[in-house]
Amino acid sequence: MKGYWLIVGTEISDQEAQAEYSRLWKPIGEKYQARTNTTKQPPLLVEARDAKRMVLVEFPSLEIAKACYADPAYGEAMRFALKASNRVLVMFEGDLG
């Protein structure tokens, strides 16, 4: 079974912080074999309230997804993500195809 992060967030309010998060995320994602938005049909925000964005990140397993989140390098990157927008990150296991 694969591991996933589902990130639901508001509009980006700090473009510079988002750019720094993206820069820091690239090597972290490669290290943990993460793939972003891997499903054929993107998720739909139906009852989204303030949410404007949704990102699905796929990992080879839930254990790897957890390890990525626990990595100090991701902790540093996450500081910028949280500055860029409000978001919720949900981790789960499954096989979305």
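Given the criterion in a loop (DSSP other than H, G, I, E, B) and either at pLDDT 95 or above or within 23 Å of Ser13 (Cα to Cα) (or both), identify the matching residue among Val57, Val46. Write out each step before concluding.
Numbers: Val57 fails: in a loop (DSSP other than H, G, I, E, B).
So the residue among Val57, Val46 that is in a loop (DSSP other than H, G, I, E, B) and either at pLDDT 95 or above or within 23 Å of Ser13 (Cα to Cα) (or both) is Val46.
Mind listing just one residue for me: the one in segment 38-66 that is closer than 22 Å to Glu93 by Cβ and among the basic types (Lys, Arg) and, of those, least open to solvent (accessible area, probe 1.4 Å)?
Among them, the one singled out is Lys66.
Give just the number: which of (1) free of Cβ contacts under 8 Å to residues at least 60 places away in the same chain; (2) on the phi < 0 side of the Ramachandran plot; (3) within 11 Å of the chain's Cα centre (by Cα) does Ala65 not satisfy?
Only one criterion is unmet by Ala65, namely (1).
If I ask for residues that are within 14 Å of the chain's Cα centre (by Cα) and part of a loop (DSSP other than H, G, I, E, B), which ones from segment 81-97 would you list?
Applying the first criterion (within 14 Å of the chain's Cα centre (by Cα)) to segment 81-97 yields 81-82, 84-92.
If the condition is that a residue be within 14 Å of the chain's Cα centre (by Cα) and part of a loop (DSSP other than H, G, I, E, B), then Ser85, Asn86 are the ones that fit.
Each row is one residue, and each column tells you yes or no for (1) within 14 Å of the chain's Cα centre (by Cα); (2) of a type in the set (S, T, N, Q); (3) at pLDDT 90 or above; (4) open to solvent by 40 Å² or more (accessible area, probe 1.4 Å).
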{"position": "Ala17", "(1), (2), (3), (4)": "no, no, yes, no"}
{"position": "Arg23", "(1), (2), (3), (4)": "yes, no, yes, yes"}
{"position": "Tyr32", "(1), (2), (3), (4)": "yes, no, yes, no"}
{"position": "Thr36", "(1), (2), (3), (4)": "yes, yes, yes, yes"}
{"position": "Gly75", "(1), (2), (3), (4)": "yes, no, yes, no"}
{"position": "Arg79", "(1), (2), (3), (4)": "yes, no, yes, yes"}
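The values are calculated or read from the model by the stated rules, or taken from the named source; none is laboratory data. If you're wondering where the values come from, they're calculated on a predicted model, not measured in any experiment. A quick note on method: Cβ atoms are made from the backbone with ideal geometry, for glycine too, and the neighbour counts reach across all protein chains shown. We work out accessible area using only protein heavy atoms, side chains counted, and drop any ligands, DNA or RNA first. Shrake-Rupley method; radii C 1.70, N 1.55, O 1.52, S 1.80 Å.
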